[in-house]
1. Under a crude label model (7 Å from the Cα following the beta-carbon direction), how far is residue 142 from residue 107 in nanometres?
2. Expressed in nm to one decimal, what extension gain is obtained for the pair residue 171 and residue 28 from 0.36 nm per residue of sequence separation less their Cα-Cα distance?
3. Calculated from DSSP H runs of 4 or more alone, at -39500 (n - 2.57) each and per residue, what is the 222 nm mean residue ellipticity of the chain, nearest 500?
4. Distance from the Cα centre of region 65-83 to that of region 97-164, in angstrom?
5. What is the extension gain from residue 157 to residue 43, computed as 0.36 nm multiplied by their sequence separation minus the C-alpha to C-alpha distance, in nm to one decimal?
6. If we count other beta carbons within 10 Å of each Cβ, what is the order of 46, 94, 25, fewest first?
């Protein structure tokens, strides 16, 4: 069973890590692929792809994960290109609310099941048998808030792994965000 956790990871945070850990257990994944989208179609990234890839590697270093750069801008294109055999694409409940606006969401569900991590504040009602819910401990963290804290020079303790906080500081990431 292959799990795919894709996103901009701008930056990756402890919520992403908790989702990955819970998915490994819940779905008994043989392989976890973390796909850092180089140039996401829905939103520009503040940090360069190389930095986001390195921060993802630092974040998921303790897990049996393959962290790689994903050149496809749309999930459907990535799934079609990689020819996975019934993978489970991992997202948060907040992303499930936006799923109908994704490019070809019906095709995404043909190519992969969705593993949706429940999150406080989002009502989740799976609209397909191809959507499976799983719980993760609540993490009051977002990449947007982390970028704002970094821009203000505030500490990132408890939001990202220490190596990511060090990378952000050393590279001056998000200083102009």
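1. Simple spin-label model gives 3.0 nm for this pair.
2. Working it through step by step, the gained length comes to 47.9 nm.
3. -10500 deg cm²/dmol
4. Cα centres, region 65-83 to region 97-164: 17 Å.
5. 38.4 nm
6. Least to most surrounded, the residues fall as 25, 94, 46.
Values in this text are rule-based calculations from the coordinates and carry no lab data. It should be emphasised that the depicted structure is a prediction, and the values quoted were computed from it without experimental measurement. In this analysis, Cβ positions are derived from the backbone assuming ideal geometry, glycine residues included, and neighbour counts consider all displayed protein chains.
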